[in-house]
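Colleague: Before we start, here is the structure in question, set down as structure tokens.
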Amino acid sequence: MEDLVRAVLVSEFGGPEQLRPVRVADPVAGPGQVRVAVRAAGVNPVDAGNRADGRWAGLRVPCILGYDIAGVIDGVGPGVTGLASGDRVMAMTHFPDGAGGYAELVVIDAALVAPISAATSFADAAATPLAAGTAHLVLARLGLPADSRLLVLGASGGVGLFLLQLAAAAGITTIGVGREAMHAQMRGLGAAACIDYTREDVASRARALAGGPVDAVADLVGGSLARSACAALRPGGQIAAIATPDLDLDPLLDANITFHGLLIQDDGDRTRALADLLDRRELRPVISRVLPLDAAAEAHRIMEAGHAGGKIVLDVTGSGK
């Protein structure tokens, strides 16, 4: 009789109610792959987009969502070296058409796996690869030198809280834009100053805090906020966006602004670098909720309501350690 494992399946694209706990066939690691017994799976906004309609990512229903996993290797395919059953690992599965993380067992290319030490919890590891990887990509694309001034829109979100930490480590001065309730958290993670977009004019306040215009804007939320925030940007500055902003291009062209549009891809080397930062306690995920795997639909409802206050992680085993 075929072995079955727990997973959360999307049988039709649509709302959170489409996320249903099921049992699926036990996957087998092929050449160059490992099988991970998942202990925790990260939940990201892209998961909600894929649940609503994942065709852009090459997903076809029925499918299992989730790109972030952490757990223990329990099977190694032919040709894999340097990894063995029992190793604690984290990974971002193949993006965008891989996914598969909302499950007890996941098969993944060994090149995408990052070992983690016993000092790093599975919950922390599962909260990290995609969001921190996106923050890493934003900074890499901007290429800002130390002492640059960076205005971060959406600094209180999952990507933003990682970006503040990585920027501070690089000697970049950040001004974080987010709700006042998150300002203490944002400062604790490296923001030099914070702006409450619900009460303050972002551009004028940013210029006042920076003592002049900023060198770059990281737009992590999209929409209309970037349009007003760009007034804080110096001529010849840069914007990096991970969500579609509502921008008037004429002023940007006139000011010689460089625009970077970013979509993360899987990268094992980057995930291993992030795992090393976690192990050395130089990167700290902010987790607002840990829910059981079967509560994936509730996790999506919370995330889509906005202002989750940090990352949401699915506990696949009942223990996030």
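Colleague: Once you've got the GNM for the chain with C-alpha springs shorter than 10 Å, pick whichever of Asp124, Asp248, Asp74 has the biggest mean-square fluctuation.
Modeller: Residue with maximal mean-square fluctuation among Asp124, Asp248, Asp74: Asp248.
Colleague: Here is a follow-up. Over the stretch 64-110, what per residue volume does the convex hull of the Cα atoms give, in whole Å³?
Modeller: Residue-normalised Cα hull volume stands at 74 Å³.
Colleague: Determine Rg/Rh for the stretch 119-244; Rg is computed over alpha-carbon atoms and Rh is the Kirkwood hydrodynamic estimate from the same atoms.
Modeller: Ratio of gyration radius to Kirkwood radius for the stretch 119-244: 0.95.
Colleague: Hey, how much of the P(r) for the stretch 1-83 falls beyond 15 Å, as a percent of Cα pairs?
Modeller: Percent of Cα pairs beyond 15 Å in the stretch 1-83: 64.
Colleague: When the Debye formula is applied to the Cα atoms of the stretch 88-144, each taken as the same point scatterer, what base-10 log of I(q)/I(0) results at q = 0.27 Å⁻¹?
Modeller: Log10 of I(q)/I(0), two decimals: -1.22.
Colleague: Return the Cα extents of the stretch 220-300 along principal axes one, two and three, sorted largest first, each rounded to a whole Å.
Modeller: Its Cα atoms span 49, 32, 22 Å along the three principal axes.
Colleague: Order the peptides 261-268, 152-159 from the highest to the lowest mean number of other Cβ atoms within 10 Å of their residues. Intermediate values should be presented prior to the final figure.
Modeller: Numbers: 261-268: 16.2, 152-159: 28.4.
In decreasing order of mean packing, 261-268, 152-159 become 152-159, 261-268.
Colleague: Right, here's the next one. Of Thr128, Thr244, Thr173, which is the most mobile in a GNM of the chain whose springs link Cα atoms less than 10 angstrom apart?
Modeller: Thr244
Colleague: In Å², and per residue, what accessible area does the stretch 193-264 have when probed at 1.4 Å with the other protein chains present? The partial results should precede the final answer.
Modeller: Details: 3400 Å² over 72 residues.
Accessible surface, normalised per residue, equals 47 Å².
Colleague: Moving to a separate point now. Quick one: pull the percent of accessible area on the stretch 1-50 belonging to carbon and sulfur, 1.4 Å probe, ligands and nucleic acids left out.
Modeller: With neighbouring chains kept in place, the figure for the stretch 1-50 is 55 percent.
Colleague: Could you give the radius of gyration (one decimal) and Dmax (whole number) of the Cα atoms in the stretch 63-177, in Å?
Modeller: Cα only, the stretch 63-177: 16.4, 49 Å (Rg, Dmax).
Colleague: Work out the length of the dipole vector of the chain about its Cα centre, built from +1 on the beta-carbon of each Lys and Arg and -1 on the beta-carbon of each Asp and Glu, and round it to the nearest 20 debye.
Modeller: Computed charge dipole of the chain: roughly 600 debye.
Colleague: As a test of understanding, state the convex hull volume per residue of the stretch 28-126 from its alpha carbons, in Å³.
Modeller: Looking at the stretch 28-126, the number lands at 84 Å³ per residue.
Colleague: Mind putting together the pair-distance distribution for the stretch 166-321? All Cα pairs, 5 Å bins, whole percent per bin, short to long.
Modeller: Spelled out per bin, shortest first, that is 2, 8, 13, 17, 19, 17, 12, 7, 3, 1, 0, 0.
Colleague: Which value, in nm² and rounded to one decimal, describes the direction-averaged projected area of the C-alpha convex hull of the stretch 188-243?
Modeller: For the Cα atoms of the stretch 188-243, the hull's average projected area reads 4.2 nm².
Colleague: Let me ask another. Where the accessible area of the stretch 73-151 is counted over protein heavy atoms with a 1.4 Å probe, how much of it, in %, is carbon and sulfur?
Modeller: Values: 1390 of 2630 Å².
The computed percentage sits at 53.
Colleague: What are the radius of gyration and Dmax of the stretch 140-198, computed over its Cα atoms and given in Å?
Modeller: Cα-based Rg and Dmax for the stretch 140-198 come out at 10.3, 30 Å.
Colleague: Still on this structure, I have one more. Between Glu304 and Ala243, how many nm apart are label points set 7 Å from Cα along the C-beta direction?
Modeller: 1.5 nm
Colleague: Same structure, new question: Would you list the P(r) distribution for the chain, with all Cα-Cα distances sorted into 20 Å bins from 0 and each bin expressed as a whole %?
Modeller: Calculated P(r), rounded to whole percents: 33, 54, 12, 0.
Colleague: Mind checking the angle between helix 268-279 and the chain's longest principal axis? C-alpha axes, 0 to 90 degrees, to the nearest 10.
Modeller: Roughly 80 degrees, rounded to the nearest 10.
The values are calculated or read from the model by the stated rules, or taken from the named source; none is laboratory data. Keep in mind it's a predicted model, so treat the numbers as computed, not measured. Virtual Cβ from ideal backbone geometry, glycine too; neighbours counted across all protein chains shown. In case anyone asks, the SASA skips ligands and DNA or RNA and just uses the protein heavy atoms, side chains included. Shrake-Rupley method; radii C 1.70, N 1.55, O 1.52, S 1.80 Å.
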